[in-house]
Amino acid sequence: MKEKILLVGGGGHCHSVIDVIELEDKYEIIGIIDKKELIGNDVLGYKIIGCDDDLEEFFKKYKNAVITVGQVKSNVIRVKLFEKLKHIGYSLPIIISPLAYISKHATISEGTIIMHQVLINSNVKIGKNCIINTKALIEHDSIIEDNCHISTASVINGSVTVQEGTFFGSNATSKESVEIGGFIKAGSIAK
């Protein structure tokens with residue numbers, strides 16, 4: 001029997017997360033938590049069943065949640081949701097696409113999602129509440145701190161530290177053995 005899970009956030013990132021969860025086939029999606037005025041709406045066949053104010057009530061019945069709010073301009077909402085869900089007592093499992101490759105020598109922390117065709121090499125450490133997006137490559141001995149978004153088709157080279165809260169844009173590439181942080185634009189070289 002699959003474990004039940006709530007999705008918190010019903011926008012575009014939620015669509016991608018639904019696809020990963022369905023393919024992973026480990027969790028049964030109960031419904032989506034979003035804005036009060038959206039309750040009853042449908043997202044890829046799943047109903048928006050409540051808003052943030054309902055999370056404590058839902059916890060009485062469901063123990064797992066995943067944050068399906070994306071991170072582009074800021075991670076503030078994702079961080080607040082993570083803290084709220086942890087305070088209530090929710091388990092925030094690691095969600096991993098079966099189409100991703102993750103070295104058995106890598107570590108990934110709670111609340112992180114690994115999307116399709118991601119490649120994570122040996123001795124990589126990924127923090128809490130991160131998005132590792134489609135086709136991202138994270139090379140050996142790199143550290144992705146908490147609350148980061150490593151965007152689509154980006155490359156983190158070996159022995160890089162990505163500081164907490166960093167947004168690393170689509171198709172951006174880092175130099176090796178550097179520490180980077182903040183907002184890294186799409187297509188740029190991070191040195």
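Key figures for this structure:
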| item | result |
| --- | --- |
| Filtered residues of segment 145-191 (kept if within 19 Å of His13 (Cβ to Cβ) and touching a His at 6+ places or on another chain (Cβ under 8 Å)) | Thr166, Phe167, Phe168 |
| Single residue of Val66, Val72, Val76 found to be touching a Pro at 6+ places or on another chain (Cβ under 8 Å), of a type outside the set (Asp, Glu) and closer than 18 Å to Asp146 by Cα | Val66 |
| Given (1) more than 21 Å from Val155 (Cβ to Cβ); (2) touching a His at 6+ places or on another chain (Cβ under 7 Å); (3) of a type outside the set (Gly, Ala, Ser), number of the condition Asn121 does not satisfy | (1) |
| Some residue of segment 32-54 being free of Cβ contacts under 8 Å to residues at least 12 places away in the same chain and closer than 16 Å to Cys148 by Cα | no |
| Of all residues making up segment 78-93, the number that are out of contact with any strand residue (DSSP E or B) (no Cβ under 6 Å at 6 or more places or on another chain) and either among the basic types (Lys, Arg) or at pLDDT below 95 (or both) | 3 |
| Any hit, segment 147-157, residues being among the hydrophobic types (A, V, I, L, M, F, W, C), surrounded by fewer than 19 Cβ atoms within 10 Å (Cβ to Cβ) and not in a strand (DSSP E or B) | yes |
| Selection within segment 100-114 - over 20 Å from Leu81 (Cα atoms), in contact with a strand residue (DSSP E or B) (Cβ under 9 Å, 6 or more places away or on another chain) and of a type outside the set (Gly, Ala, Ser) | Tyr101, Ile102, Thr107 |
| Qualifying positions in segment 30-74 - of a type outside the set (A, V, I, L, M, F, W, C) and within 29 Å of Phe183 (Cβ to Cβ) | Asp34, Lys35, Asp52, Thr68, Gly70, Gln71, Lys73, Ser74 |
| Sole exception among (1) touching a Leu at 6+ places or on another chain (Cβ under 9 Å); (2) not assigned by TED's automatic domain parsing to the domain that holds Ile39 for Asn64, by number | (2) |
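Okay, residues lined up against (1) in contact with a Lys or Arg (Cβ under 8 Å, 6 or more places away or on another chain); (2) among the aliphatic types (A, V, I, L, M):
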position: Ile126; (1), (2): no, yes
position: Ile132; (1), (2): no, yes
position: Cys148; (1), (2): no, no
position: Ala153; (1), (2): yes, yes
position: Thr161; (1), (2): no, no
position: Thr166; (1), (2): no, no
position: Glu176; (1), (2): no, no
position: Gly187; (1), (2): no, no
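The values are calculated or read from the model by the stated rules, or taken from the named source; none is laboratory data. Quantities reported herein were computed from a predicted structural model and do not represent experimental measurements. We place every Cβ from the backbone using ideal geometry, glycine too, and count neighbours over all the protein chains shown.
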